[in-house]
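The values are calculated or read from the model by the stated rules, or taken from the named source; none is laboratory data. Computed from a predicted structure; not experimentally measured. Because the Cβ atoms are built from the backbone with ideal geometry, glycine has one as well, and the counts that use them run over all protein chains shown. Heavy atoms of the whole protein, side chains included, go into the accessibility calculation; ligands, DNA and RNA do not. Shrake-Rupley method; radii C 1.70, N 1.55, O 1.52, S 1.80 Å.
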Amino acid sequence: MSHPIKFSKLRFAPAGSHVPLRSLAIICFLAILHSGVLVAHDGPDPVLRYVLNKQSIVDKKLKAELGPDAKITGSLRASQDGEYHSLHFDGKSIVSIADNFRALNQALLPKKEITIVATVSIEKGTTYGGIVGVLQDNGGHEKGWILGYNQKRFYFGLSSTGSDDGDGKMTYLESGSRFDKGKTYHVVAVYDGETMQLMVNGKLEAESNTQSGDILYAEKAPFVIGGYQDENEDFRHIGKIGHIAIYRQAAKVEWAQKDFQHYADLVTLPATGVAATKFDLVVKPYLQWVTQTSITVMWETSVGADGIVTYGETAECKQSVASQDSKHVHEIILNNLKPETQYFYKTISKDASGKTIESDVRTFQTANKTETPFAFAVISDTQGNPTVSGKLAGYAWDQRPNFLLHTGDLVSTGAADDQWTEQFFKSMDPLVSRVAFFPVLGNHEGNARNYYDYMSLPKPEYYYRMTYGNTDFFMIDTNKNVGPDSEQYQWLDKALSKSKATWKIVAHHHPAYSSDENDYGNLWKTNQSTRGDLRVRQLTKLYDQHNVDIVWCGHIHSYERTWHIRKDQVVKEGEGTMYLVTGGGGGGLETPGPFKPAFQNNVRYGHHYCMVAINGTTLEFKAFDLDNRLYDYLKLKK
């Protein structure tokens with residue numbers, strides 16, 4: 001990261017204070033008298049600075065301490081919490097520094113480097129929330145920058161001349177921690193021409209090197225405080241803003257930490273402007289990443305809390321593991337367990353006031369030894385239909401699988417919190433509270449932060465390898481590049497070549513082979529179809545080369561099983577790979593085209609789930625419909 005020129009200067013006055021320039025000499029003199037040393041810190045000088053308080057509103061304008069005065073649209077209400085002064089935004093008001101940023105003195109506009117500082121509280125999260133920014137976000141043309149927030153986290157978005165497509169693709173860098181509604185935060189965003197950083201309350205929470213070069217601006221864009229606004233979007237802030245400062249230089253992390261100390265008392269203020277959130281379980285405990293000697297227990301609470309898991313070989317759960325870092329989504333690993341052993345567990349959550357919530361006692365079993373038979377369930381595309389997915393999860397649990405394989409599209413919109421909490425986890429609870437589940441990303445997850453928050457998988461999480469019994473599972477994200485030059489292709493090639501497992505299974509969302517009616521060519525209007533995703537079909541060379549047994553997919557909301565395929569041709573059993581599309585977990589159903597391709601062995605319209613049992617060199621596969629009736633069966637022998 002580049003090192004900005006060091007300046008020796010006064011501390012910022014607390015947000016809410018209005019310090020005229022003529023008073024600076026008096027302040028300096030008093031500071032020297034008080035301590036004998038002038039209080040100073042290193043960092044850049046702002047080119048724009050707004051202190052938002054009652055005194056800063058004059059004739060429907062927000063008076064600037066540095067830079068141009070800004071126009072107020074709507075009505076901002078002055079607020080005071082202790083010593084902290086701010087202005088309250090009601091979701092209808094916005095502050096415009098300029099209707100078009102190019103009307104500003106261009107010396108004020110950060111070009112190569114930028115630092116943005118804000119003190120803010122958020123009373124209502126949203127998909128696109130803005131604190132301060134200048135951007136156009138129109139389809140594939142994303143230009144400018146913004147410091148803002150979504151439903152849970154702060155983000156810093158920026159586009160540069162060195163972005164991947166060269167025509168503007170913003171990187172949205174999200175904070176690791178969540179904000180609590182109504183609480184005040186000190187947020188700093190930095191870009192130095194190579195690295196983006198986002199800091200919350202003096203802590204570096206996210207960093208990216210995706211962008212490089214100068215900041216890429218649009219030909220025309222509004223420059224606003226308290227909103228996310230461009231030519232066709234206008235989302236306005238609900239909450240308080242006390243201080244905005246913008247710099248043409250990149251601050252160091254140490255500077256941001258020092259700057260936070262000037263506002264540290266603000267973050268201890270109680271939440272305001274929102275009703276107190278009831279302390280409750282948002283997501284009941286569920287299981288991740290099981291091995292022969294460990295398992296991960298996860299759950300979510302409505303407010304930050306300490307987490308404890310008690311467990312044992314009886315329902316008394318006498319052993320415990322605790323986490324003392326207050327969180328919403330809890331993730332605790334239980335280690336030193338016995339292989340293929342039943343355990344009991346429950347979770348205890350404790351908020352800042354000492355109130356506790358205990359979950360029901362559930363059971364789990366550690367992973368089987370290599371030589372022990374095991375079984376797993378497969379469900380995919382549960383999106384948006386908890387009635388169906390819940391029914392299938394109940395059926396699957398009745399068969400007592402060791403774990404669940406999910407091939408993507410867990411929800412309809414990955415960024416929508418309620419689809420995870422109210423649809424996916426509630427419907428799947430009978431199963432995922434008792435067995436671990438291993439997912440891949442579907443297109444509907446949208447690579448959203450929620451997926452990564454709720455899953456505990458080996459880094460980078462969008463692809464990974466999992467071993468259970470005598471079988472290796474290789475999980476791939478086909479929303480990303482999977483061609484021969486891609487990271488995932490090269491990783492999969494090496495991982496498959498190293499595998500000595502009896503069975504090799506790959507899972508990804510998009511199917512290499514499919515007879516679907518219209519995803520790969522409208523077969524009701526033409527006989528032309530690629531009959532599967534050609535981009536994903538590049539991976540089949542690896543499956544041929546490394547003798548992969550089964551490839552599991554979703555995406556198409558129906559059931560389809562192929563013959564064994566090798567080099568795009570149907571071959572005898574045991575000489576190629578079998579491809580299964582099992583996308584009937586809840587999403588709206590799709591039908592096959594009117595022509596039966598040679599690779600198709602069985603196809604069926606309807607919601608369903610699958611069960612797989614492996615015993616040494618024997619694999620049994622069964623598919624069940626929404627009435628829990630068996631409709632397909634297969635036995636493979638090595």
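Listed here are the pairs Lys152/Lys183; Lys183/Lys346; Lys152/Lys327; which of them are more than 19 Å apart at the Cα? Before the final figure, lay out the partial values.
Numbers: Lys152/Lys183 13 Å; Lys183/Lys346 31 Å; Lys152/Lys327 13 Å.
Violating the 19 Å Cα-Cα cut-off are Lys183/Lys346.
Please give me, ordered by residue number, the trypsin sites (Lys or Arg not before Pro) of the range 263-352 that lie in loop per DSSP and have at most 16 other Cβ atoms within 10 Å. Walk me through the numbers before you get to the answer.
Details: sites: Lys278, Lys318, Lys327, Lys346, Lys350; in loops: Lys278, Lys318.
When the trypsin sites (Lys or Arg not before Pro) of the range 263-352 are filtered for loop state and at most 16 Cβ neighbours within 10 Å, Lys278, Lys318 remain.
Counting only heavy atoms of the protein chains, get the accessible area per residue of the chain (1.4 Å probe) and round it to a whole Å² value. Could the numbers behind the result be given before it?
On the way: 26300 Å² over 638 residues.
Value for the chain: 41 Å² per residue.
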Checklist entry - When Lys and Arg each count +1 and Asp and Glu each count -1, what net charge do the other residues less than 11 Å away from Arg178, Cβ to Cβ, add up to? => result 0
Item to check | Where labels lie 7 Å past Cα in the beta-carbon direction, separation of Asn336 and Asp360 in nm | outcome: 3.1 nm
Next on the checklist: Please report the net charge: other residues with Cβ closer than 13 Å to the Cβ of Asp632, K and R +1, D and E -1.
Outcome noted: +2
Item to check | Karplus-derived 3J(HN,Hα), 6.51/-1.76/1.60, for each residue of the range 322-330, Hz, glycine and proline x | outcome: 10, 10, 9, 9, 3, 9, 8, 9, 9
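Tell me, Kirkwood radius of the range 282-373 from alpha-carbon pair distances, in Å? Don't skip to the answer; put the middle values down first.
Values: mean 1/r = 0.0745 Å⁻¹.
After inverting the mean inverse Cα-Cα distance, the result is 13.4 Å.
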Next on the checklist: Using the Cα centre of the range 162-307 as the reference point, and only Cβ charges (+1 on K/R, -1 on D/E), how large is the resulting charge dipole? Debye, rounded to the nearest 20.
Outcome noted: 720 debye
Next on the checklist: Under the 0.36 nm per residue contour assumption, what length would be gained going from the current alpha-carbon distance of Asp59 and Phe595 to full extension?
Outcome noted: 185.8 nm
Checklist entry - Using 1/(1 + (r/R0)^6) with R0 = 22 angstrom and r between the beta carbons of Asp45 and Asp214, what's the FRET efficiency to the nearest 0.05? => result 0.60
Checklist outcome for this item: Among Ser175, Leu404, Val432, the residue whose Cα sits farthest towards the positive end of the charge dipole of the chain, when +1 is placed on the Cβ of each Lys and Arg and -1 on the Cβ of each Asp and Glu, is Ser175
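Less than 12 Å Cβ to Cβ from Pro339, Lys/Arg counted +1 and Asp/Glu -1: what total charge do the surrounding residues give?
Details: positive: Lys338, Lys369; negative: Glu340, Glu371.
Summing Lys and Arg as +1 and Asp and Glu as -1 gives 0.
Label the range 167-298 by shape, choosing from rounded, prolate and oblate, from the square roots a ≥ b ≥ c of the eigenvalues of the Cα gyration tensor; if a/c is under 1.5 it is rounded, and otherwise prolate applies when a/b is larger than b/c, oblate when it is not.
Numbers: a/c = 1.61, a/b = 1.33, b/c = 1.21.
Verdict is prolate for the range 167-298.
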Checklist entry - Where does the Debye-calculated log10 I(q)/I(0) of the chain sit at q = 0.05, 0.09, 0.10 Å⁻¹, using only Cα point scatterers of equal weight, no solvent? => result -0.28, -0.83, -0.97
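I need the GluC sites (Glu not before Pro) found in the range 207-314, filtered to DSSP loop residues with at most 10 other beta carbons within 10 Å of theirs.
On the way: sites: Glu207, Glu219, Glu231, Glu233, Glu254, Glu300, Glu313; in loops: Glu219, Glu231, Glu233, Glu313.
Of the GluC sites (Glu not before Pro), the ones in loops of the range 207-314 whose Cβ has at most 10 other Cβ atoms within 10 Å are Glu219.
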Checklist outcome for this item: So, with points 7 Å from each Cα along the Cβ direction, the Asp485-Ser320 label distance in nm works out to 5.6 nm
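Rounded if a/c is under 1.5, else prolate if a/b beats b/c, else oblate: with a ≥ b ≥ c from the C-alpha gyration tensor eigenvalues square-rooted, which is the range 558-619?
Details: a/c = 3.19, a/b = 1.22, b/c = 2.61.
Verdict is oblate for the range 558-619.
Under the rule a/c < 1.5 gives rounded, and otherwise a/b versus b/c splits prolate from oblate, where does the range 100-144 land using the Cα gyration tensor? Could you put the intermediate results ahead of the total?
Values: a/c = 2.28, a/b = 1.32, b/c = 1.74.
Verdict is oblate for the range 100-144.
Assigning unit charges at the beta carbon (Lys, Arg +1; Asp, Glu -1) and nothing else, what dipole magnitude in debye, to the nearest 20, does the chain show about its Cα centre?
The calculated dipole for the chain is roughly 500 debye.
Can you give the convex hull volume of the alpha carbon atoms of the range 442-571 per residue, in Å³?
Here the figure is 128 Å³ per residue.
Would you mind estimating how fast the range 41-184 diffuses translationally, via Stokes-Einstein at 10 °C and 1.306 mPa s with the Kirkwood radius over Cα pairs, in µm²/s?
Working: Rh = 16.7 Å.
Translational D for this selection: 95 µm²/s.
Say a site is exposed when it is one of the chymotrypsin sites (Phe, Trp or Tyr not before Pro), sits in a DSSP loop, and has at most 16 other Cβ atoms within 10 Å; what is then the longest site-free stretch of the chain?
Numbers: sites that count: Phe7, Trp524, Phe595, Tyr605.
Here the longest run is 8-523.
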Checklist entry - Of the trypsin sites (Lys or Arg not before Pro) in the range 466-545, which ones lie in a loop per DSSP and count no more than 16 other C-beta atoms within 10 Å? => result Lys480, Lys500, Lys525
Checklist entry - Across the Cα atoms of the range 249-310, what radius of gyration and what greatest pairwise Cα-Cα distance (Dmax) are found, in Å? => result 18.9, 52
Checklist entry - Taking the Cα-to-Cβ direction at Asn602 and at Ala276 and moving 7 Å from each Cα, how far apart do the two end points lie in nm? => result 5.7 nm
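Please give the calculated 222 nm ellipticity per residue for the chain, where each DSSP H segment of at least 4 residues contributes -39500 (n - 2.57) and the sum is spread over every residue; nearest 500 deg cm²/dmol? Please report the intermediate quantities before stating the final value.
Numbers: 8 runs with 70 residues, N = 638.
Rounded to the nearest 500, the figure is -3000 deg cm²/dmol.
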